[in-house]
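For reference, the structure discussed in these notes is given below.
The values are calculated or read from the model by the stated rules, or taken from the named source; none is laboratory data. If you're wondering where the values come from, they're calculated on a predicted model, not measured in any experiment. As a convention, Cβ positions derive from the backbone with ideal geometry for all residues, glycine included, and neighbour counts pool all protein chains shown. Protein only, heavy atoms only, side chains kept; ligands, DNA and RNA dropped before computing areas. Shrake-Rupley method; radii C 1.70, N 1.55, O 1.52, S 1.80 Å.
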Amino acid sequence: YRLLFRVKTHSNYKQLLQHVDIKEITHIHAHTLFSDGALALQLNKDYGIPYTVTIRNTDINIFMRFLIHTWNIGKKVIQNADKVLCISPAHIERVKHWVDCPTAFTQKAINIPNGINSYWLEHLSCDLRDRQENDPWHILYIGNFSPNKNLPRLMQAVLNLINREYNIQLHIIGGKGKDTNRIETIAKKHSDTFHLYGTIQDREKIRNIMRQCHFFAMPSLTETFGLVYVEALSQGLPILYTKGEGVDGFFNSKYGVPCVPQKVSSISDAIEELMTNYHHYKIDPEFLAKHFSWDKIALQYIRLANK
């Protein structure tokens, strides 16, 4: 279907018309630029229904990079949309360089982030941890063990800093993925440095571990947004995140440090900066509550559709 994109679109469009009474529809929200946006574009052409489209990680890092045969459709979707949403402000900047009409895109582009579970907003605790001079730095990772999450490079960056006589421990919550054996092997070899907790579903347990750490680090190769960054911030953990992806562009330098995820040296430098400037970070709980509540985000979507 990715090779025969027009065949997929034709098939989906036929199914959509069979299952939805188009006469009842006053606005369309396409969940993705290409696969769903192509349907919204066709509905707009055939029935004159206005639409909004969201551009996501897969659109930017798969379709816009490799699937050349879909580019013309993707650009038409953007040109004919009422509004174009990006979950990440970093993605708005990347799309500007892809479309032929950056000015027209900028005028209709909107950044609406994802929200986090209300549990984290109800338990906001944004003060930094106390740390004595000789205490180890405790870094937290939460996520799966897929290659995209880039955990082996994070572990190597930690080991490089330890070789430079930094006292660091990395706490790892998660599992499942192609890098599992590699990660477990490294952790077993350096058991004093890496602590594997496995997958934890209980938010209270996760929160207790968060409250024992100083930073959160996840140098993903690609990321639509990454809710776990905001969850970590809600518990007072400055973040190490990916440059040009996810939350990049949403927070100022008081919240964390970006890195180039393909370079272990960049991850090491970012961790070192977090440690050096630790007491300069300041996380505003009111900012998190204002921007990452699903209730408030839902109202933004409703207002957008009403317009």
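The figures follow:
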item: Yes/no for Phe34 being farther than 16 Å from Asn80 by Cα, open to solvent by less than 40 Å² (accessible area, probe 1.4 Å), under 31 Å from the mean Cα position of the chain (by Cα) and not aliphatic (A, V, I, L, M); result: no
item: Of residues in segment 103-121 being outside any strand (DSSP E or B) and of a type in the set (A, V, I, L, M, F, W, C), the one surrounded by the most Cβ atoms within 10 Å (Cβ to Cβ); result: Trp120
item: Pick from segment 249-265, criterion more than 15 Å from the chain's Cα centre (by Cα) and over 17 Å from Leu221 (Cα atoms), ranking: surrounded by the fewest Cβ atoms within 10 Å (Cβ to Cβ); result: Asn252
item: Scan of segment 55-81 for residues that are assigned to a helix (DSSP H, G or I), touching a residue at least 24 places away in the same chain (Cβ under 8 Å) and not aliphatic (A, V, I, L, M), ordered by number; result: Asn57, Thr58, Asp59, Asn61, Phe63, His69, Thr70, Gly74, Lys75, Lys76, Gln79, Asn80
item: Count of segment 122-172 residues which are β-branched (Val, Ile, Thr) and open to solvent by 20 Å² or more (accessible area, probe 1.4 Å); result: 2
item: Leading residue by the ranking (nearest to His279 (Cα to Cα)) among those in segment 94-131 that are within 19 Å of the chain's Cα centre (by Cα) and of a type in the set (Val, Ile, Thr); result: Ile116
item: Extreme residue, nearest to Met210 (Cα to Cα), among residues of segment 159-171 that are assigned to a loop (DSSP other than H, G, I, E, B) and of a type outside the set (Asp, Glu); result: Asn167
item: Tally of residues being free of Cβ contacts under 8 Å to residues at least 40 places away in the same chain and part of a loop (DSSP other than H, G, I, E, B) across segment 247-262; result: 6
item: Any hit, segment 74-94, residues being out of contact with any strand residue (DSSP E or B) (no Cβ under 9 Å at 6 or more places or on another chain), over 16 Å from Gly249 (Cβ atoms) and of a type in the set (Val, Ile, Thr); result: no
item: So Leu85, is it within 30 Å of Ile68 (Cβ to Cβ), open to solvent by less than 20 Å² (accessible area, probe 1.4 Å), assigned to a strand (DSSP E or B) and of a type in the set (A, V, I, L, M, F, W, C); result: yes
item: Odd one out for Asn181 among (1) closer than 28 Å to Asn57 by Cβ; (2) surrounded by 14 or more Cβ atoms within 10 Å (Cβ to Cβ); result: (2)
item: Selection within segment 184-222 - open to solvent by 50 Å² or more (accessible area, probe 1.4 Å), over 24 Å from the mean Cα position of the chain (by Cα) and under 17 Å from Ser146 (Cα atoms); result: Glu184, Thr185
item: Options Thr70, Thr58, Thr26; residue that is open to solvent by less than 10 Å² (accessible area, probe 1.4 Å) and either over 26 Å from Phe250 (Cβ atoms) or among the polar types (S, T, N, Q) (or both); result: Thr70
item: Restricting segment 226-246 to residues that are closer than 24 Å to Ile110 by Cβ, in contact with a helix residue (DSSP H, G or I) (Cβ under 8 Å, 6 or more places away or on another chain) and in a helix (DSSP H, G or I), the residue that is most open to solvent (accessible area, probe 1.4 Å); result: Glu231
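Okay, residues lined up against (1) assigned to a helix (DSSP H, G or I); (2) closer than 21 Å to Ser266 by Cα:
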site: Glu133; (1), (2): no, no
site: Ala157; (1), (2): yes, yes
site: Lys176; (1), (2): no, no
site: Ile183; (1), (2): yes, yes
site: Asp192; (1), (2): no, no
site: Lys205; (1), (2): yes, no
site: Phe216; (1), (2): no, yes
